[in-house]
Amino acid sequence: MKLSKRGEYALRALIDLGIAAELGRPILQVSELAAKEKLPIKFLEQIFTQLKASGFVVSKRGKDGGYSLARPMNRIKFGSVIRLIDGPLAPIPCVSQTAYSRCTCPDEDHCGLRMLMLDVRTAIIKILDRYTLADIVEITLRKMRRDKVSPPFISRAFNLDSVLTSLPPNSATSPKRSNERRIHAA
């Protein structure tokens with residue numbers, strides 16, 4: 001199994017949608033995702049068309065439109081997405097569960113290469129079918145918090161006033177906040 005660029009971009013886009021949803025932005029525009037990931041918009045649109053047709057994402061038209069996840073993140077397995085985009089997870093066709101085809105080996109039952117590749121396929125499937133989008137989003141956000149990296153899409157995810165009002169009273173912005181509150185209250 002080799003993950004294609006198309007498969008990689010699909011997974012990265014889904015992770016971004018998951019992160020944005022966790023940060024309060026359930027819908028993202030393709031242009032925003034393409035800019036963040038430095039991907040061609042047309043290519044990403046083609047990927048989203050495929051993801052939408054398979055029920056991984058939904059789209060909304062209009063000014064506030066874009067793409068969002070169609071299912072809960074814990075129901076999107078990485079193995080399923082890779083199979084959709086890149087096909088079988090098996091490294092050779094004679095060990096594939098979904099796209100089996102006989103190999104050129106004269107004795108498939110006693111082929112050492114096939115036995116090895118069967119183990120490889122099984123290991124790949126165990127990992128990719130175990131991890132969900134929720135798992136990867138959680139791991140990503142945890143590492144970002146640990147490394148004090150600002151998550152993407154946060155600037156539009158939170159109301160600046162709510163962030164400022166949650167600052168402790170002795171912060172440098174507290175007089176400004178008091179004036180802003182009086183202005184807003186008037």
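Loop-resident chymotrypsin sites (Phe, Trp or Tyr not before Pro) (DSSP state other than H, G, I, E or B) in the range 1-50 with no more than 13 further Cβ atoms inside 10 Å of their Cβ are absent.
Pairs over the 20 Å Cα-Cα cut-off, from the set Lys38/Lys77; Lys42/Lys143; Lys77/Lys126; Lys2/Lys38: Lys38/Lys77; Lys42/Lys143; Lys2/Lys38.
Rounded to a whole number, what % of the accessible area of the range 10-92 do carbon and sulfur atoms account for, probe 1.4 Å? Carbon-and-sulfur percentage of accessible area, whole number: 53. Computed over neighbours whose Cβ is under 14 Å from that of Leu128, the net charge equals +2, Lys and Arg +1, Asp and Glu -1.
A DSSP coil position with no more than 10 other Cβ atoms inside 10 Å describes the following trypsin sites (Lys or Arg not before Pro) in the range 78-155: Arg102, Lys148. The phi-based Karplus calculation (6.51 cos²θ - 1.76 cosθ + 1.60; θ = phi - 60°) puts the 3J(HN,Hα) values of the range 100-107 at 4, 8, 4, 8, 7, 5, x, 10 Hz, whole numbers, x for Gly and Pro.
The values are calculated or read from the model by the stated rules, or taken from the named source; none is laboratory data. Just so you know, these numbers come straight off a predicted model, no measurement behind them. Using ideal geometry, Cβ is built from the backbone for each residue, glycine included, and neighbour counts are taken over all protein chains shown. Protein only, heavy atoms only, side chains kept; ligands, DNA and RNA dropped before computing areas. Shrake-Rupley method; radii C 1.70, N 1.55, O 1.52, S 1.80 Å.
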